[in-house]
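Comments concern the structure below.
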Amino acid sequence: MQNITVGDIEQISFTLARELMTYDEPIPDYSSRFPGVLESCLAAPFQWFAGRPLHRGLISKSSELFYLMLKNHPFQNGNKRIAITTLLVFLLINGKWLRVGLDEFYNFAIRIVESDPKAKIAAGVEIKRFIKAHIVDSRPSQSRPRAFK
């Protein structure tokens with residue numbers, strides 16, 4: 001399974017997120033991100049404990065990544081757009097995609113953002129259900145976008 005990198009996120013936040021979703025609020029300059037928060041969001045889905053991965057499989061890792069990108073706010077603005085795009089790219093580089101309307105996806109992201117942080121496990125279950133309901137195989141030529149090689 002391929003991980004997504006900080007460099008990928010820089011590309012995502014200033015190319016893909018701006019092109020996929022346009023809103024009145026700008027996405028701030030990448031250099032204004034909060035130090036260490038993004039790195040933590042990207043590392044957490046791949047953590048191990050006692051010789052075992054804490055998150056097994058693509059859906060579990062994807063769910064953790066999406067949750068943390070939404071709840072930990074690594075950027076001053078644009079976190080939902082960047083989290084959505086990050087999830088899509090992470091799935092794409094691992095041969096999958098989500099077939100879901102943008103409005104439905106964005107509204108789902110808002111629900112997770114507004115969820116009680118004490119209910120992280122329940123939010124994780126909800127994210128996994130959402131991903132499972134919409135995940136499809138991507139075309140082989142889409143496996144890793146040229147911008148992310």
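With the simple model of a label 7 Å out from the Cα in the direction of the Cβ, residue 97 to residue 77 spans 3.1 nm.
Were the residues from residue 29 through residue 118 laid out at 0.36 nm apart, the gain over their Cα-Cα distance would be 28.9 nm. Using the Cβ of residue 126 as centre and a radius below 14 Å, the other residues enclosed give a net charge of +2, where K and R count +1 and D and E count -1.
The numbers here are math on the coordinates, done by the rules we state, and not lab data. Predicted model only: the values in this text are computed from it and were never measured. No Cβ is skipped: glycine too gets one built from the backbone with ideal geometry, and neighbour counts run over all protein chains shown.
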